[in-house]
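This report refers to the structure that appears directly beneath it.
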Amino acid sequence: MNIGTTLQKIRKSRQITQANLARNIMTQGAYSKIEKSQLSINLDQFLPLITKININLQEFCYILNGYELSERERIIKTFTSLEIASIDDLQKMLKAVKEYLVHHPEDQYIDFLQLVYKAFIILQQENTVEKSRQLVAPIWHQLQILDDWYINDFELLNAILFLFPLEVAMEMTKTAERRLEKYDDFPYDVSYLGAYFRINLSFHYIERYLFEDCLTLLEETELKFLHKMRPKFVAILFERKAICLFYLQRPYEVELERMEQLLTIYKDEETKELLLKEFHLLTRNL
């Protein structure tokens, strides 16, 4: 379908006449030509039209594409849903990105995703942070100079924050939290992004033995964001709290049990196993 036929499909399903939809926006004759693909439409006209038929832009594009995501949207959705992935999963994602870039080499954001996946694969294969950091450093250099970040930018920085030194990660987090304030009245709640920055930052605190500061950060995050976070991130929060409490010589078993219970409820044994492995590794080596 094209824009005109999609508008027509939604208008008819809403049982709205052309005259009523076009009123105060354009003439009925002009609107009729748009539905017939005889006249192009500008954004100043298009947005009021979809508002009158009670469809937002994202949903309209989804319908326009035959109730499917575009290839680019699928790639971004896969990335933003990424939590804990195996090398095989990362390689599949990298392959999809590379195939997309063959036909869209100018897409900088998808090119950034290519760097991220390569960095993650190297990290798992070689366990070398420095090599992975060098790969994603251009992403931070590029975004650092921008006056504003947008939702995809926040998602991107969140994913790579743990690869940077503590001072840089703290700067990213503070800047992100400040810029996310602009989204307080956004139609969709994106405050969870601030929580994920904090959880990713917590790993840096643990690496630097800043357990008291880390525990404070995690407790504040839990208090403010708990019910806005995906279960896996809540589980990570509980596990990181347990690590801090272990080294502060305070009871930690309750937090570890909360993590296990949560992932048992969601039947996510793989993540539970990985987090328990991380807990035992970090509490043995630090």
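The values are calculated or read from the model by the stated rules, or taken from the named source; none is laboratory data. Since the model is a prediction, treat every value here as computed from it, not as a measurement. Neighbour counts run over all protein chains shown; Cβ positions are idealised from the backbone, glycine included. Surface accessibility is based on the protein's heavy atoms, side chains included, excluding ligands, DNA and RNA. Shrake-Rupley method; radii C 1.70, N 1.55, O 1.52, S 1.80 Å.
When you check THR264 against the structure, is it at negative phi, among the hydroxyl-bearing types (Ser, Thr, Tyr), modelled with pLDDT of 95 or more and open to solvent by 60 Å² or more (accessible area, probe 1.4 Å), yes or no? In short, yes.
Of the residues THR78, THR51, THR6, which is assigned to a helix (DSSP H, G or I), open to solvent by 30 Å² or more (accessible area, probe 1.4 Å) and over 30 Å from LYS272 (Cα atoms)?
On the way: THR78 fails: over 30 Å from LYS272 (Cα atoms); THR6 fails: open to solvent by 30 Å² or more (accessible area, probe 1.4 Å).
Only one candidate passes the filter, namely THR51.
Identification of helices (runs of 4 or more DSSP H) wholly contained in the range 83-185 with 1 or more residues that are touching a Lys or Arg at 6+ places or on another chain (Cβ under 7 Å) and polar (S, T, N, Q) yields 108-126, 166-180.
What number of residues in the range 32-48 are open to solvent by 90 Å² or more (accessible area, probe 1.4 Å), under 15 Å from ARG11 (Cα atoms) and either β-branched (Val, Ile, Thr) or part of a helix (DSSP H, G or I) (or both)? Step through it out loud before you land on a result.
Kept after step one, since they are open to solvent by 90 Å² or more (accessible area, probe 1.4 Å), are these residues of the range 32-48: 33, 36, 38, 40, 43-44.
Retained after the next criterion (residues that are under 15 Å from ARG11 (Cα atoms)): 33, 36.
Filter once more, so that each one left must be either β-branched (Val, Ile, Thr) or part of a helix (DSSP H, G or I) (or both): 33.
Here the count works out to 1.
Number of residues in the range 88-107 that are without any contact (Cβ under 8 Å) to a residue 12 or more places away in the chain and of a type outside the set (A, V, I, L, M, F, W, C): the value is 8.
Counting only residues that are polar (S, T, N, Q), over 15 Å from LYS9 (Cα atoms) and open to solvent by less than 80 Å² (accessible area, probe 1.4 Å), the range 57-70 holds 1 of them.
Note on the range 172-218: residues that are more than 22 Å from LEU282 (Cα to Cα) and open to solvent by 30 Å² or more (accessible area, probe 1.4 Å) amount to 15.
When restricted to residues that are more than 24 Å from the chain's Cα centre (by Cα) and either basic (Lys, Arg) or within 14 Å of GLU207 (Cα to Cα) (or both), the range 247-286 contains 11. Cβ-Cβ distance below 8 Å, separation of 6 or more or different chains: which pairs start in the range 258-285 with a residue that is over 13 Å from LEU237 (Cα atoms) and end on one that is assigned to a helix (DSSP H, G or I) and hydroxyl-bearing (Ser, Thr, Tyr)? Filtered contacts from the range 258-285: THR283/TYR247. Among the residues of the range 139-167, those identified as open to solvent by 40 Å² or more (accessible area, probe 1.4 Å) and farther than 30 Å from ASN54 by Cα are HIS141, GLN142, GLN144, ILE145, LEU146, ASP147, PHE162, PRO165, GLU167.
Sub-8 Å Cβ pairs linking a first residue in the range 224-252 that is under 17 Å from ARG208 (Cβ atoms) to a second residue that is of a type in the set (Gly, Ala, Ser), at least 6 apart or interchain, are ARG240/SER202, ordered by first then second residue. With respect to the stated conditions, GLY29 is assigned to a helix (DSSP H, G or I), loosely packed, with under 13 Cβ neighbours inside 10 Å and over 22 Å from the mean Cα position of the chain (by Cα).
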